[in-house]
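In what follows, a structure is listed as structure tokens, so that the remarks can point back to it.
The values are calculated or read from the model by the stated rules, or taken from the named source; none is laboratory data. Computed from a prediction, not measured in an experiment: that's the story for all the values here. Every residue, glycine as well, gets a Cβ built from its backbone with ideal geometry; the counts of neighbours run over all protein chains shown. Keep in mind that these areas ignore ligands, DNA and RNA; they rest on the heavy atoms of the full protein, side chains included. Shrake-Rupley method; radii C 1.70, N 1.55, O 1.52, S 1.80 Å.
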Amino acid sequence: MEKNIIVLVSGGGTNLQALIDAEKNGEIIGGKITCVISSNPNAYALERAKNNGISTRVIPRREYADSKSYSMAVLDALDEEKADLIVLAGFMTILDECITSKYAYKIINVHPALIPSFCGEGFYGLKVHEKALEYGVKVSGATIHFVNEKADAGAIILQGVVDVKKDDTPEVLQKRIMENVEWKLLPKAVSLFCQDRIEIVGGKAYVTE
């Protein structure tokens, strides 16, 4: 049985595109992107989904008073779509525990740094790369991890590294990490999940042969 992959987006959807391309190339085994849900009605990611015949739903964040009521609406949609795996691809809203507990070890996120560095609340987008450069790290990268009730604190599935160069700007570093790590490892992690090749032992994730 193919697993239903639901992708949550808020913006341009470059990671969604990487997933769509990987699926088309046969790199995602045992799963299919069946729905894209956006918190932003104007997200370009919705166009990417439509261009590839993937159904979309918009649940605007601003129409809900708080994280809890918003998460309840998203939870209803995930249940209706029979989600087996939820991928956060540039999704800018922290999900309430009502989702993270019901879908424990079924929600994957990509964070543009090597967790536990430069992560947690307030660390997103270019801010992550600004902090990494400010600190003077010699390598950075991205982490694919499961989502729990704490920001960027779930079990790590895969990590990849790039070198940081002396004249890097946050934008240049962001692009290098996206192209070399995020767009490769996110589809890989999704495929591993769909093949039931991620094992959880003592709260840590291990890839099985």
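When the criteria are applied in full, V190 fails the requirement of being crowded, with 16+ Cβ neighbours inside 10 Å, out of contact with any helix residue (DSSP H, G or I) (no Cβ under 6 Å at 6 or more places or on another chain) and without any contact (Cβ under 8 Å) to a residue 60 or more places away in the chain. One residue alone among K138, K131, K184 is touching a residue at least 12 places away in the same chain (Cβ under 8 Å), under 18 Å from V207 (Cβ atoms) and open to solvent by 20 Å² or more (accessible area, probe 1.4 Å), and that residue is K184.
Inspect region 64-73 for any residue being closer than 23 Å to G13 by Cβ and free of Cβ contacts under 8 Å to residues at least 12 places away in the same chain and give the result as yes or no. Yes: region 64-73 contains one or more residues that are closer than 23 Å to G13 by Cβ and free of Cβ contacts under 8 Å to residues at least 12 places away in the same chain.
Where strands (runs of 3 or more DSSP E) fall wholly inside region 123-209, no range has 3 or more residues that are at pLDDT below 95 and touching a Gly at 6+ places or on another chain (Cβ under 8 Å).
No other residue among I144, I108 is closer than 17 Å to L75 by Cα, crowded, with 19+ Cβ neighbours inside 10 Å and not aromatic (F, W, Y) apart from I108. Among all residues of region 87-105, there is at least one that is farther than 27 Å from L173 by Cβ and in contact with a Lys or Arg (Cβ under 8 Å, 6 or more places away or on another chain).
Scanning region 24-34 for residues that are in contact with a helix residue (DSSP H, G or I) (Cβ under 8 Å, 6 or more places away or on another chain) and open to solvent by 20 Å² or more (accessible area, probe 1.4 Å) yields a total of 4. Residues that are of a type in the set (F, W, Y) and surrounded by fewer than 20 Cβ atoms within 10 Å (Cβ to Cβ) within region 52-74 comprise just one, Y64.
Results for (1) part of a helix (DSSP H, G or I); (2) crowded, with 22+ Cβ neighbours inside 10 Å, shown as yes or no for each residue.
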position: L8; (1), (2): no, yes
position: D21; (1), (2): yes, no
position: V36; (1), (2): no, yes
position: N40; (1), (2): no, no
position: K50; (1), (2): yes, no
position: D76; (1), (2): yes, no
position: I86; (1), (2): no, yes
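In the set V36, V7, which member is out of contact with any Pro (no Cβ under 7 Å at 6 or more places or on another chain) and in contact (Cβ under 8 Å) with a residue 60 or more places away in the chain?
Of the residues listed, the single one that is out of contact with any Pro (no Cβ under 7 Å at 6 or more places or on another chain) and in contact (Cβ under 8 Å) with a residue 60 or more places away in the chain is V7.
Residues in region 74-98 that are within 15 Å of the chain's Cα centre (by Cα) and β-branched (V, I, T) were compared, and the one that is farthest from Y124 (Cα to Cα) is I86.
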